[in-house]
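Data block below; observations after.
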């Protein structure tokens, strides 16, 4: 199965094939200013939200049921509701899914803080694609986005995070993993840096970039989301360096089905 059937990497696949997110990872190691995982309702669709955290065994049952309901399912992903690499259940879940459903693509979303360290284990689990949230390359803007990194509020912790994140992205690409960069567009905070992030991503060889509009909440509840015109302009400029994905639904940590 190729990434052409991954609905979060391919515009064509987005409307034809399905994915299931398994909410097995509640713990997180970074506090982002735009993240709020406290609330959930049936009509709430955004990253970090799930109706329940499930065990690896329960996650496996969800995959089996999803396949029975819709044979268009192609991708099994772990996208939270916290940071997958900070949760031991992630590894058990990936191994169970690979053992029972070897034909499905395995995908994972991460902030990249410990990606370089965990990459060998991810490869051993059969990961074929990664989505890494890269919101900044500069401490000057990152300090406004990240409120704490690994429990520290020091600038040095943010600086170290940016360096290790970039190292993880480069190593994943070099290992043959298809990498997508997610960037939350935060007006007045990182909009002037989007093109530089794209330039860097293209240079290291990421497959695609996804610019996501800020959802005003948590520390950023008073910032208006970027306009459609601004997003179009940023995608146009970033597209000179790396392919752009413009169909993202910013879906839940327990999303399932064909997204488009």
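Observations
- Residue pairs whose Cβ atoms lie under 6 Å apart, sitting 6 or more positions apart in sequence or on different chains, and linking a residue in segment 126-150 that is at positive phi and without any contact (Cβ under 8 Å) to a residue 40 or more places away in the chain to a partner that is outside any helix (DSSP H, G or I) and surrounded by 21 or more Cβ atoms within 10 Å (Cβ to Cβ), are 126/106.
- Of all the residues in segment 158-196, those that are surrounded by fewer than 17 Cβ atoms within 10 Å (Cβ to Cβ) and either assigned to a loop (DSSP other than H, G, I, E, B) or at pLDDT below 95 (or both) number 4.
- Close contacts from segment 233-259, counting a first residue that is free of Cβ contacts under 8 Å to residues at least 60 places away in the same chain and at negative phi and a second that is assigned to a loop (DSSP other than H, G, I, E, B) and surrounded by fewer than 18 Cβ atoms within 10 Å (Cβ to Cβ), with Cβ to Cβ under 9 Å and a gap of 6+ residues or different chains, come to 235/246.
- Whichever residue in segment 206-226 is part of a loop (DSSP other than H, G, I, E, B) and touching a strand residue (DSSP E or B) at 6+ places or on another chain (Cβ under 9 Å) and, among such residues, is surrounded by the most Cβ atoms within 10 Å (Cβ to Cβ): 206
- Exactly one residue out of 44, 64, 92 is part of a helix (DSSP H, G or I) and either at pLDDT below 95 or crowded, with 17+ Cβ neighbours inside 10 Å (or both), and it is 92.
- Scanning segment 72-89 for residues that are out of contact with any helix residue (DSSP H, G or I) (no Cβ under 8 Å at 6 or more places or on another chain), at pLDDT 95 or above and either surrounded by fewer than 19 Cβ atoms within 10 Å (Cβ to Cβ) or closer than 12 Å to residue 56 by Cβ (or both) yields 87, 88.
- Among the criteria (1) farther than 27 Å from residue 213 by Cβ; (2) surrounded by 15 or more Cβ atoms within 10 Å (Cβ to Cβ); (3) free of Cβ contacts under 8 Å to residues at least 60 places away in the same chain, the one residue 155 does not fulfil is (2).
The values are calculated or read from the model by the stated rules, or taken from the named source; none is laboratory data. Computed from a predicted model, the values in this text were never measured in an experiment. Positions of Cβ are generated from backbone atoms using ideal geometry, with glycine treated the same way; all protein chains shown enter the neighbour counts.
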